[in-house]
Structures are given as C-alpha cells and as structure tokens.
Amino acid sequence: MKLIYISSSRIPSLTANSIHVMKMCQALGRMSLKVTLLAPDKCLLPSEEIKDVFSYYGVEKNFKIVKLPWYPIKGRAYIYGYIAAKYSQKVNADLVLSRNIFGAYFALKRKIVTALEMHQSYEDGTVIARYLLREVLNHDDLSKLILITNSLASYFSSEVPHISEKILIAPDAADPLSENYKQINSIKINTRFKVGYVGHLYKGKGMEIISMLAPMCPWADFHVVGGTKKENSYWSNRLSDLPNLIFHGHIPHKEVSSYIQAFDVVLLPNQSIIASSGGKSNISKWTSPLKLFEYMAAGKAIIASNLPVLKEVIQHGRNALLCSPTEPEEWKKALELLKNQPELRKSLGKCAQELFLEKFTWDKRAELLVNELLADRD
C-alpha cells in the first residue's frame, strides 16, 4: 500500500512539527506501508552540517523523502499543495495523509483517499487557506480529520458540526527509551539537584516561570535544552547573574533522551497563552507537547502547568504535579517536595512511563491511524 505524507515542515529544521512528521513516517513504515514523505525543498538548518537527515532525527530509513519546489513567490503554499497532490496521483498513491491544507484540497480534487491532520485552529490562515479548509471539511470523500486533543476536537465540532463523525483524536507521542542511550556525564556526575526543561524558549513556552524559579531555588541547577541561537542569547544574557541556570542550546533530537535521563525532575511550564506562528490564535488551548511524552517515556517526575489540555493526559498526584502557570511559589514548593521525597519522584515517573507505553508511542499512534483509515476504505 502506497501512503503519501504531505508535510509543510522543512526537513531538517528546529521545529517540533518536523520531528512529528519524521517520527510518524518511521512508525508508518514499520507497518509494511510504502511511505513517501513530501516536504518543501527549503530547510531551516545549513544542509552541509547534516549529512544524513535520518540520523539527525534518529529514525530508520524505512521511508522515502521527496523534496518539492517551494517557490519564493506569493502563493507558494498553494502551488506546493498542487504539486504535492499531482505527485501523489502520478505515483498512484492509495492514501494521502496530509498536514497541509492545500495538499489535502488538491488530493481530494484528484479523487485520492485523503485524511487531513490539524494541530491548531485555522484562525491564523490566509483567506484562501481558510476557504480551502472549509472545502476540505465539507468534502464527502474526506476520510478523517485527525486532531491532537479533545480541546481541538471540541473547537472543530463547534465550528463545523457535521465534521464530528469524521474526527479522530490522536495525541502526540514519543519513542520508548532506548537501552543504548548515552548518559550526559557532565550533568549526571553533578550531585546537585538537577531540574530540566526541553523545548523552545519563545513567549508562552515557560521561560517566564523558569527565570523566576531559578533564583528561588539556589540549591538546584536548572538545565535548559533547546531553542534557537537568538532565544538562547536573549535569555542567557538577561539571566547571566544566575549561576544555577545552564543553557545547552539546540541539540539533535536523537540526543534529547540522554539529557532528560540526566535530570531528577523535568518541567513543562506552558503559559495560558502561547501565540501560534501566525500570532492570531492561542495554541495553548489545544497543544499536545512532544516533550510531555518524551518526559513520560523517560520515567521522570514531571511538574507541569495546571492547564485543561495537559490534564487530558496527566493527573495531579498520580503521574505528575500540576501548578498554576503564573505562580512560581507553587513550582518552588513542588520542587522542594520532590527533592525531599525521592520515592515520590520514582512513583510519579513510573506511573507516567506506564501510561506512555500503554497509549502514547509513535507505533501505537501509527497503528491507530492506519486501522481507522483502512476501516474507511472497506
């Protein structure tokens, strides 16, 4: 069975969405599907620094990547979607899984069985993108609308009521911890209490809390992994007087688990407002953070913001501790509790890991999608 995955993600890049599509294509490839990932021919990292994109993301070479033109002109996204659908038809694709509205629209026009995956609302889209999304959602041949949270499903059900019967909720995921991961010894050998954060550093992702928390907890070292050079420069300069705040910068995704394993506690301090790339919608209402599942996979004690969308996965006192996203004192008390009670840290981490292995691996997500999509074809 030929499956074409139409992505808007630049491969390679620093974005979480590029990790998502690479991991999903690997998981789909493990299901004996002939998978081809279509991506724009523009990357956000110097290509000469990455000789093997599969190795960079830590995925198997069990799928093909085809780069399609991303012209430097107005309407390039529309043109890219048209070319992607044309390619899908040319290779006689049995199924298109698209994270690109334009690709989904033109694939349906060419009568290819198509599922569309959305990770946020369409409030940020251009006028034509919003129009074509309505066309996709109203198309009788749309197989599924794949969404990452119940909150996002409620949004689409409210905006487009008839689509409810086609919605498939599939949260983000992670890989199980590899037995061959390498410890980051420079962190692990330090006997101080180690608090970790992995992810981007732009507004709303949580540096607001970390910047206040580090000076309140001089007995702990705070390790920040990820972010762009600009983000790291901004925060490291602003907080240069904090000796217990260490910025590690961006690292290849295949090395992330090694850092997480070195930490005693991990933080997910999402704020109640996280602006999307377009700046109009608040993705905090329906985000499904990759790092949450990576934390769970590692079996680490998690302290997270007490937000409805995160509580779709984690539960206070069972597999995480939840704190107000705006009250650093709550986070300090939670850290003190976990520092003084190693058995609680172990219990929270174990429960989180067990839930992860039961529901939130990439392989389980791919299995869910394929089973649902094939059922529609019967």
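The values are calculated or read from the model by the stated rules, or taken from the named source; none is laboratory data. What you are looking at is a predicted structure, and each value in this text was computed from that prediction instead of being measured. In this analysis, Cβ positions are derived from the backbone assuming ideal geometry, glycine residues included, and neighbour counts consider all displayed protein chains.
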- Task: Find all pairs meeting these conditions: Cβ atoms under 6 angstrom apart; at least six residues apart or on different chains; first residue within region 277-294 and farther than 25 Å from Glu354 by Cβ; second residue at pLDDT 85 or above and hydrophobic (A, V, I, L, M, F, W, C).
- Result: Trp286/Leu152; Trp286/Val309
- Message: Tally up the residues in region 48-75 that are more than 19 Å from Leu28 (Cα to Cα), aromatic (Phe, Trp, Tyr) and touching a strand residue (DSSP E or B) at 6+ places or on another chain (Cβ under 6 Å), please.
- Response: 1
- Would you mind stating whether Leu307 is touching a helix residue (DSSP H, G or I) at 6+ places or on another chain (Cβ under 7 Å), of a type outside the set (Phe, Trp, Tyr) and under 17 Å from Ser272 (Cβ atoms)? yes
- Task: Evaluate region 40-56: report whether one residue or more is of a type in the set (S, T, N, Q), crowded, with 22+ Cβ neighbours inside 10 Å and either touching a residue at least 12 places away in the same chain (Cβ under 8 Å) or over 22 Å from Pro171 (Cα atoms) (or both).
- Result: no
- Task: May I ask you to list the residues in region 19-45 that are out of contact with any helix residue (DSSP H, G or I) (no Cβ under 8 Å at 6 or more places or on another chain) and outside any loop (DSSP other than H, G, I, E, B)?
- Result: Val21, Cys25, Gly29, Lys34, Thr36
- Message: Condition first: surrounded by fewer than 16 Cβ atoms within 10 Å (Cβ to Cβ), in the same structural domain as Val309 (by TED's automatic domain parsing) and of a type outside the set (D, E, K, R). Can you find one or more residues in region 253-271 that meet it?
- Response: no
- Query: Would region 27-36 turn up any residue that is buried (at least 23 other Cβ atoms within 10 Å of the Cβ), within 22 Å of Val256 (Cα to Cα) and in contact with an Asp or Glu (Cβ under 7 Å, 6 or more places away or on another chain)?
  - Reply: yes
- Query: If we only count helices (runs of 4 or more DSSP H) wholly inside region 243-349, which ones have 1 or more residues that are modelled with pLDDT under 95 and among the aromatic types (Phe, Trp, Tyr)?
  - Reply: 256-261
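Scanning region 282-301 for residues that are more than 17 Å from the chain's Cα centre (by Cα) and not charged (D, E, K, R), which turns out farthest from Ala334 (Cα to Cα)? It would help to see each step written out before you state the result.
Going residue by residue through region 282-301, those that are more than 17 Å from the chain's Cα centre (by Cα) are 299-301.
Within this subset, residues satisfying the condition of being not charged (D, E, K, R) are 299, 301.
Values: Gly299: 17, Ala301: 11 Å.
Checked region 282-301; the qualifying residue farthest from Ala334 (Cα to Cα) is Gly299.
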